[in-house]
Amino acid sequence: APNHLALIMDGNRRYARMHGLASAVDGHQRGFAKLIEALEWCRDLDVKVLTVYAFSSENFRRSHAEVDALMKLAETKLSQLASDESLHKREVRVRVCGELHLLPSEVRRAADAVMRATEKYERHTLNIMMPYTSREELWSAARRCATSSSSSCTSSSSLSVPDECGEESSDADLSRLLYTAPNPPVDLLVRTSGENRLSDFLTYQASDAALVFLDVLWPALTFWDLLSSVVRWQAFSAQRRWTQFYQNSNVVATAKKL
Ligand SMILES: CC(C)=CCC/C(C)=C/CC/C(C)=C/COP(=O)(O)OP(=O)(O)O
């Protein structure tokens, strides 16, 4: 199974409209319920890290009513998660990551509470990205990299680039400063609802990930949708391993000589 799975949970409002729910927020409610189900499935599939796009910084541009309702939903659900028995039983560490200062103080408090209540767990991690965009994450990492002492911002990574002062900063440095640190890079990124875009989500961490776009709306996702995505990832990985094997071996050259 992939170590790190990322999910863009798209299509909640369309689901609400299509199913005659009273408001968009009812779609988000169903979306949250699906997230809890997906967390169980990830445990069954032995996925170690699940990172989900819960709220893009762009989502603040939605109507006041929807943003307010989403924030209230987040506050309630994050508070419930802090004392959720199955979460504790399965030792899931929950982290809320992004521009946390943009969240209302009640949501921040609820986020702090669940992070503190689960901070000792190491078996699984659930990263809830809100409010988040990759560009902001990279800017903030780059700023911290530039202002930190050179000793905390250098490494022996192969991708190191000397800066104007001759100091080396590298790929590994930047990864350490991302919200998802110290989690490994994303192996598989799944987006629901038929949109084939990344929408500024984990563009750095998922730069080498397999991307799977599903036609199903997020609240309607089934275990089989997720399983089929994992199987596609396995096929991508197997194909890549074979390609590397052929490139690294003399099979083709030897065959030509024969
Ligand atoms: C942790 C927590 C409280 C999670 C909340 C639940 C949840 C799944 C939030 C996702 C919110 C969101 C903007 C989804 C995208 O669908 P959309 O609204 O863009 O739907 P559309 O594409 O049909 O318009």
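We did not get these values from a lab; they are worked out from the coordinates using the rules stated. All values derive from a computational prediction rather than experimental measurement. Positions of Cβ are generated from backbone atoms using ideal geometry, with glycine treated the same way; all protein chains shown enter the neighbour counts.
Observations on the structure shown:
- Of GLU58, GLU40, GLU75, the one that fluctuates the most in a GNM where the chain has Cα springs shorter than 10 Å: GLU58
- Cα-based helix-to-principal-axis angle, 105-118 vs the chain, degrees rounded to 10: 60
- Sorted by Cβ density within 10 Å, fewest first, the residues MET9, MET129, MET18: MET18, MET9, MET129
- Segment 1-104 shape via C-alpha gyration tensor axes, a/c threshold 1.5: prolate
- Qualifying lysines (Cα of each under 20 Å from Cα of LYS48; at least 8 residues distant if same chain): LYS34, LYS89, LYS120
- Of all DSSP beta bridges confined to the chain, the antiparallel ones make up roughly 5%.
- Karplus-derived 3J(HN,Hα) values for segment 189-203, using 6.51 cos²θ - 1.76 cosθ + 1.60 with θ = phi - 60°, are 10, 10, 10, 8, 5, x, 7, 9, 9, 8, 6, 6, 10, 6, 5 Hz; glycine and proline are entered as x.
- Summed residue charge, Cβ within 10 Å of ARG197's Cβ, Lys/Arg positive, Asp/Glu negative: -2
- Residues whose amide H lies under 5 Å from that of GLY11, counting only those 5 or more places away or on a different chain, are TRP218; hydrogens are built 1.01 Å from N in the peptide plane.
- Counted residue by residue at 0.36 nm each, then reduced by the alpha carbon distance between them, the extension gain from TRP224 to SER199 reaches 6.5 nm.
- Start at zero, step by 10 Å, and the Cα-Cα distances of segment 176-223 spread as 24, 46, 26, 3 percent across the bins.
- Pairs of Cα atoms nearer than 8 Å and 6+ residues apart set the relative contact order; for the chain it is 24 percent.
- Gyration tensor (Cα) of segment 7-61, equivalent ellipsoid semi-axes in angstrom: 23, 15, 7
- Where labels lie 7 Å past Cα in the beta-carbon direction, separation of ASN59 and ALA22 in nm: 2.1
- Kirkwood analysis of the Cα pair distances in the chain returns a hydrodynamic radius of 20.0 Å.
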